[in-house]
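Asks: I am attaching a structure below and will ask some questions about it afterwards.
The values are calculated or read from the model by the stated rules, or taken from the named source; none is laboratory data. Computed from a predicted model, the values in this text were never measured in an experiment. All Cβ positions, glycine included, derive from the backbone under ideal geometry; neighbour counts span all protein chains shown.
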There are 2 protein chains.
Amino acid sequence: MSDHRYSALLTDLYELTMLAGYFEKGMHRQTAVFDLFFRHNPYHGGFAVFAGLQPALEYLSQLRFTAEDLAYLKKLDIFKPDFLDYLESFRFHGKVTAPAEGTVVFAREPLLTVEGAMAEVQLVETALLNIVNFQTLVATKAARIVSVARPGVVVEFGLRRAHGPDGGLSEARAAFIGGARSTSNTWAGQVFDIPIKGTHAHSWVMAFPDELSAFRAYADCFPDQCILLVDTYDTLASGVPNAITVAEELRAKGHEVKGIRLDSGDLAYLSKEARRMLDEAGFPDVKIVASSDLDEIVIQSIRNEGGCVDIYGVGTQLATCGGEGGGALGGVYKLVRFDHQPKLKVTSDISKATLPDRKRLLRAVFPDGEYGLDIICLEHETPEPGATVFDPINPARTKTIPPNVRFEEVRQVVMEKGRITQPPSSLDAMADRCAEQMQRLPNGTIRLTNPHIYKVAISRGLHDMRSRLMQEALENQPGDEKR
Amino acid sequence: MSDHRYSALLTDLYELTMLAGYFEKGMHRQTAVFDLFFRHNPYHGGFAVFAGLQPALEYLSQLRFTAEDLAYLKKLDIFKPDFLDYLESFRFHGKVTAPAEGTVVFAREPLLTVEGAMAEVQLVETALLNIVNFQTLVATKAARIVSVARPGVVVEFGLRRAHGPDGGLSEARAAFIGGARSTSNTWAGQVFDIPIKGTHAHSWVMAFPDELSAFRAYADCFPDQCILLVDTYDTLASGVPNAITVAEELRAKGHEVKGIRLDSGDLAYLSKEARRMLDEAGFPDVKIVASSDLDEIVIQSIRNEGGCVDIYGVGTQLATCGGEGGGALGGVYKLVRFDHQPKLKVTSDISKATLPDRKRLLRAVFPDGEYGLDIICLEHETPEPGATVFDPINPARTKTIPPNVRFEEVRQVVMEKGRITQPPSSLDAMADRCAEQMQRLPNGTIRLTNPHIYKVAISRGLHDMRSRLMQEALENQPGDEKR
């Protein structure tokens with residue numbers, strides 16, 4: 001992605017007013033640590049797939065205010081000249097710790113941890129949330145869809161319903177990480193080297209005197225990439241028979257029709273009938289592609305009813321991350337350490353309390369490779385098998401770390417002093433990571449509804465620190481809110 | 001917006017394969033007319049606000065394939081050399097008819113009509129849908145929210161939950177057209193000259209020893225733009241009293257605190273209590289800003305309960321166009337005329353049948369300025385008051401055009417031979433148009449749930465043409481689908 005995509009002004013104004021305030025009060029160079037995390041798994045599901053890191057790091061490493069940006073800020077008449085001078089040489093020199101993209105993650109786990117000078121780590125809040133929230137949400141949606149479609153294959157079709165041109169680009173990228181095998185978005189193919197797919201629309205059929213002529217013309221132009229859309233007039237009475245006629249004609253010329261596409265009607269029923277007709281006509285290898293407002297629920301019901309779909313084209317519901325508990329990932333970016341002191345957002349609702357200080361995120365893995373639980377602990381803590389860990393929301397619920405696990409470090413340092421420290425990873429590697437990790441989750445974790453809740457615990461050290469800080473904060477603050 | 005935003009590859013691959021097919025068959029220069037429309041008003045509402053035209057026209061006027069684009073397409077090994085040569089000189093020379101942005105529109109009405117050489121008008125389908133679907137969806141959401149917030153003011157806060165950086169930019173633009181008065185998105189402020197707003201986050205408060213010091217520091221830095229976030233610890237016991245203390249101190253120095261912001265809790269209750277406390281302390285002009293997952297439903301309930309909110313900050317629900325019937329506008333782009341013949345997508349479901357041929361969209365206006373009904377008619381038809389018009393889905397339902405109406409042409413030619421024919425309009429003018437047109441709708445049309453259904457009818461000429469084409473198509477096609 002080229003630099004122009006990320007303006008330094010890609011931020012809420014309040015990041016800049018806070019920066020100006022820290023600058024004026026001489027606090028802008030004090031060190032701060034922020035965690036980016038979400039409080040609930042999206043789609044009321046049991047997991048999420050982390051995505052968006054590479055674009056986030058690109059944003060951080062190219063961050064600077066252009067002369068136009070500074071002229072605009074000056075015109076606002078909010079900021080003082082010495083602050084604008086400071087912004088002119090502003091660069092991000094911070095450190096970032098994060099999982100690799102495609103990693104399976106859970107609610108409350110620190111994803112990005114960003115540390116450095118207060119001014120630098122505060123300014124980037126909005127952009128990091130914008131990038132990571134959306135891509136993680138899409139990758140998770142794709143992983144859910146892929147999990148029910150398998151062994152069927154998922155193609156991302158969402159560009160026309162995506163939220164703007166770049167929304168479609170980010171969507172295609174994240175969907176690929178989550179397991180979609182290709183996209184209809186040609187631009188995404190070019191930028192990310194994702195395989196692209198596509199054939200023709202109803203308008204092609206309507207531009208010819210009849211459906212058979214339209215199919216013949218398409219097969220003539222693309223004898224080796226011929227997928228025919230069969231629902232313009234009547235799928236079973238016209239579309240499939242005409243496709244079979246063309247498949248026979250093409251075979252006589254030494255080519256094979258690759259597939260047919262169903263885009264309306266009862267896809268479970270139509271796919272079974274179409275499969276039967278194709279098989280009986282001697283075309284068992286012609287694939288059936290289905291599209292039309294598909295999501296994980298619809299695909300599951302097609303499969304439950306014995307539908308014969310090989311390839312699912314998923315558009316709107318992937319582009320908009322629709323469905324219960326979808327639409328937005330509620331990622332937040334919270335101060336956990338400032339000026340060498342751990343920090344906590346105090347609240348009477350412990351489910352909204354933050355986890356203070358620099359932390360590690362460990363995954364306990366059983367000998368057979370299955371994931372057991374995740375543990376959030378303090379930076380210098382090393383939990384041992386057999387130790388007691390705590391539910392982050394209800395610390396009265398404890399758990400003993402199983403004796404036979406080993407720990408995997410979920411996150412690595414990915415940026416130091418503003419420079420990316422890891423070699424770039426391919427999207428294929430990210431997609432492979434996602435697929436591999438999903439297989440290692442306990443049974444039921446990827447179930448669509450009422451999933452098994454994978455355990456995420458906090459260590460004794462973190463639990464004790466949080467308790468102490470909450471106690472101190474309550475002693476220093478006025479009484480409870482009335483309601 | 002600069003040219004780089006719209007790649008010629010911003011398209012589904014099937015547009016390009018169809019183009020290659022039309023080119024190979026010598027059909028690419030035959031003239032075609034497409035309509036862009038949606039079948040259902042978003043959010044189960046009674047109206048939509050059209051937006052996205054200016055960016056769509058910018059896309060069309062700068063459309064060309066770069067050397068890199070052509071190299072990528074060549075590498076795909078799908079397209080023949082003479083087609084790639086043709087793409088090298090590809091430009092959009094077509095004609096576009098559309099409403100002005102901010103115009104109130106309804107389901108089934110042709111929004112964009114795009115006509116020209118088949119290759120040119122087909123290729124642009126995906127990008128036009130991408131741009132117009134999202135911006136129209138956001139503008140409509142904003143208009144719904146503004147309609148219940150009034151006289152309260154709406155600020156757009158959605159960047160961190162928007163679908164990518166440019167998603168946030170498009171969102172801010174469209175939300176302004178729909179009636180949001182400002183945005184937190186600094187980049188959108190720069191690009192579109194939209195007023196921007198913002199103060200500080202919880203992290204500001206947490207970076208100081210206590211809330212009062214944090215408020216004092218902020219007031220000191222921004223004595224004339226001071227809005228204080230009062231819910232970090234305890235809104236009524238700590239936040240509001242501390243804000244009042246700072247307001248008194250600031251007044252002693254000749255400045256006034258501008259507002260406080262509530263970002264959690266029971267906003268109806270807290271806003272009433274905060275208002276009372278501020279008034280009693282002598283600060284009736286301090287505004288109350290509320291945020292925290294607001295949408296039109298929540299704002300309506302705050303108002304119903306007598307909440308005292310002056311400014312509503314709306315983020316996630318505006319950025320993601322959430323809520324029942326939201327998420328995506330199902331805009332489609334259908335062939336209505338090809339090679340000098342009107343075209344129709346035939347289907348047994350008349351609600352999915354398209355409206356053939358070039359059309360006009362007229363709005364019947366009563367003498368007092370209120371809108372009466374919209375009429376879709378053929379290009380050269382001029383319906384008269386007193387004439388019979390037809391429900392597009394159930395043509396047995398007819399209506400007589402009231403005798404005392406005059407007609408307004410809803411759409412204009414906005415592009416001819418690939419050149420924009422109208423002077424650029426300001427976002428302010430678009431927002432004014434939207435506000436003015438919403439006032440002219442019949443009572444109940446903008447109601448959030450179960451709205452009055454504004455009548456959209458088709459003329460006798462269009463009705464007769466559609467009936468004839470459906471009859472012809474049915475005679476030429478095989479029998480009914482079994483189910």
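Asks: Residue under question is B:Ser425, and the condition is that it be outside the structural domain of B:Glu296 (by TED's automatic domain parsing), closer than 30 Å to A:Ser238 by Cα and modelled with pLDDT under 95; does it hold?
Replies: no
Asks: Is it the case that A:Ser170 is of a type in the set (Gly, Ala, Ser), more than 11 Å from A:Ala319 (Cα to Cα) and at the interface with chain B (Cβ under 7 Å from one of its Cβ atoms)?
Replies: No, not satisfied.
Asks: Looking at B:Ser213, B:Ser203, can you tell me which residue is of a type in the set (Ser, Thr, Tyr) and either more than 9 Å from chain A (Cβ to nearest Cβ) or under 28 Å from B:Leu137 (Cβ atoms) (or both)?
Replies: Step by step, each of B:Ser213, B:Ser203 is checked, and only B:Ser213 is of a type in the set (Ser, Thr, Tyr) and either more than 9 Å from chain A (Cβ to nearest Cβ) or under 28 Å from B:Leu137 (Cβ atoms) (or both).
Asks: Continuing with this model, one more query. Considering only residues that are touching a strand residue (DSSP E or B) at 6+ places or on another chain (Cβ under 7 Å) and surrounded by fewer than 19 Cβ atoms within 10 Å (Cβ to Cβ), which ones fall in segment A:349-371?
Replies: Of everything in segment A:349-371, those that are touching a strand residue (DSSP E or B) at 6+ places or on another chain (Cβ under 7 Å) and surrounded by fewer than 19 Cβ atoms within 10 Å (Cβ to Cβ) turn out to be A:Arg358, A:Val365, A:Phe366.
Asks: Applying the selection to segment B:434-446, what residues are at pLDDT 95 or above and assigned to a loop (DSSP other than H, G, I, E, B)?
Replies: If the condition is that a residue be at pLDDT 95 or above and assigned to a loop (DSSP other than H, G, I, E, B), then B:Arg440, B:Leu441, B:Pro442, B:Gly444, B:Thr445, B:Ile446 are the ones that fit.
Asks: If a residue must be within 9 Å of another protein chain (Cβ to nearest Cβ), part of a helix (DSSP H, G or I) and within 38 Å of the chain's Cα centre (by Cα), how many such residues does segment B:216-231 contain?
Replies: Within segment B:216-231, residues that are within 9 Å of another protein chain (Cβ to nearest Cβ), part of a helix (DSSP H, G or I) and within 38 Å of the chain's Cα centre (by Cα) number 2.
Asks: Any idea which of A:Arg29, A:Arg39 is basic (Lys, Arg), surrounded by fewer than 21 Cβ atoms within 10 Å (Cβ to Cβ), under 29 Å from A:His340 (Cα atoms) and under 30 Å from the mean Cα position of the chain (by Cα)?
Replies: From the options A:Arg29, A:Arg39, the qualifying one is A:Arg39.
Asks: With the requirement that a residue be at negative phi and in contact with a Leu (Cβ under 6 Å, 6 or more places away or on another chain), what does segment B:308-332 give you?
Replies: B:Tyr312, B:Val314, B:Leu329, B:Gly331
Asks: Output the number of residues of segment A:174-200 satisfying the condition of being under 30 Å from A:Pro99 (Cβ atoms), in contact with an Asp or Glu (Cβ under 6 Å, 6 or more places away or on another chain) and at the interface with another protein chain (Cβ under 7 Å from one of its Cβ atoms).
Replies: Counting residues in segment A:174-200 that are under 30 Å from A:Pro99 (Cβ atoms), in contact with an Asp or Glu (Cβ under 6 Å, 6 or more places away or on another chain) and at the interface with another protein chain (Cβ under 7 Å from one of its Cβ atoms) gives 1.
Asks: Would you mind listing the strands (runs of 3 or more DSSP E) fully within segment B:1-119 where at least 2 residues are at pLDDT 95 or above and under 20 Å from A:Val205 (Cβ atoms)?
Replies: B:31-37, B:113-117
Asks: If the requirement is being in contact with a Pro (Cβ under 7 Å, 6 or more places away or on another chain) and facing chain A (nearest Cβ under 7 Å), which of these qualifies: B:Asp234, B:Asp266?
Replies: Residue meeting the stated conditions: B:Asp234.
Asks: Can you confirm whether B:Val132 is within 12 Å of another protein chain (Cβ to nearest Cβ), crowded, with 23+ Cβ neighbours inside 10 Å and within 15 Å of the chain's Cα centre (by Cα)?
Replies: Here the answer is yes, as B:Val132 does meet what is asked.
Asks: Any residue that is assigned by TED's automatic domain parsing to the domain that holds B:Glu24 and within 16 Å of A:His163 (Cα to Cα) - is there at least one of those in segment B:109-126?
Replies: Scanning segment B:109-126, I find at least one residue that is assigned by TED's automatic domain parsing to the domain that holds B:Glu24 and within 16 Å of A:His163 (Cα to Cα), so the answer is yes.
Asks: Okay, moving on. Restricting attention to segment A:199-215, which residues are without any contact (Cβ under 8 Å) to a residue 12 or more places away in the chain and assigned to a loop (DSSP other than H, G, I, E, B)?
Replies: Answer for segment A:199-215, where residues must be without any contact (Cβ under 8 Å) to a residue 12 or more places away in the chain and assigned to a loop (DSSP other than H, G, I, E, B): A:Ala207, A:Phe208, A:Pro209, A:Asp210.
Asks: For residues that are over 30 Å from the mean Cα position of the chain (by Cα) and without any contact (Cβ under 8 Å) to a residue 24 or more places away in the chain, tally how many sit in segment B:2-26.
Replies: 3
Asks: Of all residues in segment B:333-367, how many are at the interface with another protein chain (Cβ under 9 Å from one of its Cβ atoms), under 22 Å from the mean Cα position of the chain (by Cα) and not hydroxyl-bearing (Ser, Thr, Tyr)?
Replies: 1
Asks: Inside segment B:278-299, can you point out the residues that are assigned to a helix (DSSP H, G or I) and buried (at least 17 other Cβ atoms within 10 Å of the Cβ)?
Replies: Within segment B:278-299, B:Leu278, B:Glu296, B:Val298, B:Ile299 qualify.
Asks: Search segment B:144-160 for residues that are more than 14 Å from chain A (Cβ to nearest Cβ) and more than 8 Å from B:Val314 (Cβ to Cβ) and pair each with any residue that is of a type in the set (A, V, I, L, M, F, W, C) and buried (at least 24 other Cβ atoms within 10 Å of the Cβ) when their beta-carbon atoms are under 6 Å apart and the residues are at least 6 apart or on different chains.
Replies: Every condition considered, the pairs that remain are B:Val146/B:Val154; B:Val148/B:Ile299; B:Ala149/B:Ile299; B:Gly152/B:Val309.
Asks: How many of the residues in segment B:196-209 are out of contact with any Phe, Trp or Tyr (no Cβ under 9 Å at 6 or more places or on another chain) and surrounded by fewer than 24 Cβ atoms within 10 Å (Cβ to Cβ)?
Replies: 2
Asks: Counting residues that are of a type outside the set (Lys, Arg), which strands (runs of 3 or more DSSP E) fully inside segment A:300-403 reach at least 3?
Replies: A:311-314, A:332-338, A:359-365, A:371-378, A:388-390
Asks: To continue, here is another question. Give segment B:232-246 a look and list any residue that's touching a residue at least 12 places away in the same chain (Cβ under 8 Å) and out of contact with any His (no Cβ under 9 Å at 6 or more places or on another chain), or say none.
Replies: B:Tyr233, B:Thr235, B:Leu236, B:Ser238, B:Gly239, B:Val240, B:Pro241, B:Asn242, B:Ala243, B:Ile244, B:Thr245, B:Val246, listed by residue number.
Asks: Separate question: Which residue pairs have Cβ atoms closer than 6 Å, lie 6 or more positions apart in sequence or on different chains, and pair a first residue in segment A:58-70 that is in contact (Cβ under 8 Å) with a residue 40 or more places away in the chain with a second residue that is assigned to a helix (DSSP H, G or I)?
Replies: A:Tyr59/A:Ala127; A:Gln62/A:Asp3; A:Phe65/A:Leu87
Table: residues versus (1) within 12 Å of chain A (Cβ to nearest Cβ); (2) under 25 Å from A:Ala188 (Cβ atoms); (3) surrounded by 15 or more Cβ atoms within 10 Å (Cβ to Cβ); (4) polar (S, T, N, Q).
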{"position": "B:Gly52", "(1), (2), (3), (4)": "yes, yes, yes, no"}
{"position": "B:Ala56", "(1), (2), (3), (4)": "yes, yes, yes, no"}
{"position": "B:Gln62", "(1), (2), (3), (4)": "no, yes, yes, yes"}
{"position": "B:Glu68", "(1), (2), (3), (4)": "yes, yes, no, no"}
{"position": "B:Leu73", "(1), (2), (3), (4)": "yes, yes, yes, no"}
{"position": "B:Lys95", "(1), (2), (3), (4)": "no, no, yes, no"}
{"position": "B:Thr103", "(1), (2), (3), (4)": "no, no, yes, yes"}
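Asks: I'm trying to understand the selection: among the residues of segment B:180-198, which are over 21 Å from B:Ile299 (Cα atoms) and assigned to a strand (DSSP E or B)?
Replies: Matches in segment B:180-198: B:Asn185, B:Ile196.
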